Amino acid sequence: MTIYLVGGAVRDAIMDRPGGGDRDWVVLGASQEDFLARFPGARQVGRKGFTWIWRGEEYTLSDAPDILGDLQGRDLSINAVARGEDGRVIALPGALEDIRNRVLRPVAEKNFRDDPLRVLRAARFAACLPGFSAAPGLAAAMRGARDLLGQPAAERVGMELRKACACPAPERFLDLLAEAGCLLPWLEEFAASDRLARVRAALAALPREAQPGPLAVWMVLCHVLAPAEAVDLAERLRLPSPWRKAAVAAAAGLRLLARYAELSRAERAELLPGLAKQKLFSPALAAARALNPALDAEAAATDLKTLLAVRLPDEARDMGEESGALLARLRIEALRR
């Protein structure tokens, strides 16, 4: 049995990049029984028995004849690097040069058809490595797998999108998919050029130094959608509940929040507590500032504190719609004061 650390962790170590990337391992020359004897308690992922999780890290049992054979099946050359147990780095020809020159290059077009999720992964790397440029053949390799993009599990696609939302330049995720003609079928809502332009401009306006967070980025993505479209998109990608709520909240109210200074007291009293109840006020505020950099975030935060401090009298509670209407009036009055 021979074990190699592969991909992002090795690449980032070569680049002296903090974070170290995901620690993924390739195991050569071992059966499942051999592997489990050395890593007792490992949890199998999927039904084929190729991939296992042990102590939070992923191990893949490869049937390649050697590590170079395994690296030939990788997505991008910058990920076709490995480090053996002796510390020696092994790379496909050209991989170290592409890391040094900051180039995203496909290892082989065939590899994208073998696993079409690599189309989304390539776009995610463009977002996470903004200093890297796409090689001329990358979009073509992605386009070559376009007819197979419906094959990956929705959860895997959704995970790539969530990772892209946490990247420094999330607009590049959509840019590369659009260039390759690969927004369909998963992100069809952004295929229209006018929508794509609006979303891209807003994403590019997010303050990088403020670390807006992936939910804020996701809300920027969804602000151009109708609420029903946001529901469809979140369900299609099998996103977790907080992301589904954020999609609908962005579609329904983010543009309203972006023009906060123009809102009436009644509109503010309805909008802010609703976001706070869903624990979305902070990401929504960060997203709204991308739409309107002049937004007075401090005023909105102060108003929210005022609104949440309002309490119904004991005798007015548990009266259904009457209690709700009274609370709304009291909140409006609190803002007026």
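The values are calculated or read from the model by the stated rules, or taken from the named source; none is laboratory data. On a predicted model such as this, the values are computed, not experimentally measured, just so you know. Backbone-built Cβ (ideal geometry, glycine too); neighbour counts: all protein chains shown.
What number of residues within region 79-119 satisfy the criterion of being surrounded by fewer than 19 Cβ atoms within 10 Å (Cβ to Cβ), touching a Lys or Arg at 6+ places or on another chain (Cβ under 8 Å) and touching a residue at least 40 places away in the same chain (Cβ under 8 Å)? Of the residues in region 79-119, 2 are surrounded by fewer than 19 Cβ atoms within 10 Å (Cβ to Cβ), touching a Lys or Arg at 6+ places or on another chain (Cβ under 8 Å) and touching a residue at least 40 places away in the same chain (Cβ under 8 Å). The single condition from (1) assigned to a helix (DSSP H, G or I); (2) under 16 Å from Val10 (Cα atoms); (3) not aromatic (Phe, Trp, Tyr) that Gly87 fails is (1). Taking region 195-240 as the range and being at pLDDT 95 or above and either among the acidic types (Asp, Glu) or not in a helix (DSSP H, G or I) (or both) as the test, the residues that pass are His223, Val224, Leu225, Ala226, Glu229, Asp232, Glu235, Leu237, Arg238, Leu239, Pro240. Scanning region 19-47 for residues that are touching a helix residue (DSSP H, G or I) at 6+ places or on another chain (Cβ under 8 Å) and not small (Gly, Ala, Ser) yields Asp22, Arg23, Asp24, Val26, Val27, Leu28.
The condition (being surrounded by 13 or more Cβ atoms within 10 Å (Cβ to Cβ) and under 18 Å from Arg100 (Cα atoms)) is satisfied by just one residue among Asp75, Asp34: Asp75.
Of all the residues in region 305-337, those that are exposed (fewer than 14 other Cβ atoms within 10 Å of the Cβ) and touching a residue at least 24 places away in the same chain (Cβ under 8 Å) number 2.
Of all residues in region 209-241, exactly one satisfies the criterion of being under 13 Å from the mean Cα position of the chain (by Cα) and surrounded by fewer than 15 Cβ atoms within 10 Å (Cβ to Cβ), namely Pro240. The strands (runs of 3 or more DSSP E) found entirely in region 4-70 that carry 1 or more residues being outside the structural domain of Phe125 (by TED's automatic domain parsing), under 24 Å from Pro152 (Cα atoms) and touching a Gly at 6+ places or on another chain (Cβ under 6 Å) are 24-28. For region 150-169, the criterion of being among the small types (Gly, Ala, Ser), more than 18 Å from the chain's Cα centre (by Cα), over 29 Å from Asn292 (Cα atoms) and assigned to a helix (DSSP H, G or I) is met by none of the residues. For region 304-312, the criterion of being at pLDDT 95 or above, within 16 Å of Arg336 (Cβ to Cβ), in a helix (DSSP H, G or I) and among the hydroxyl-bearing types (Ser, Thr, Tyr) is satisfied by at least one residue.
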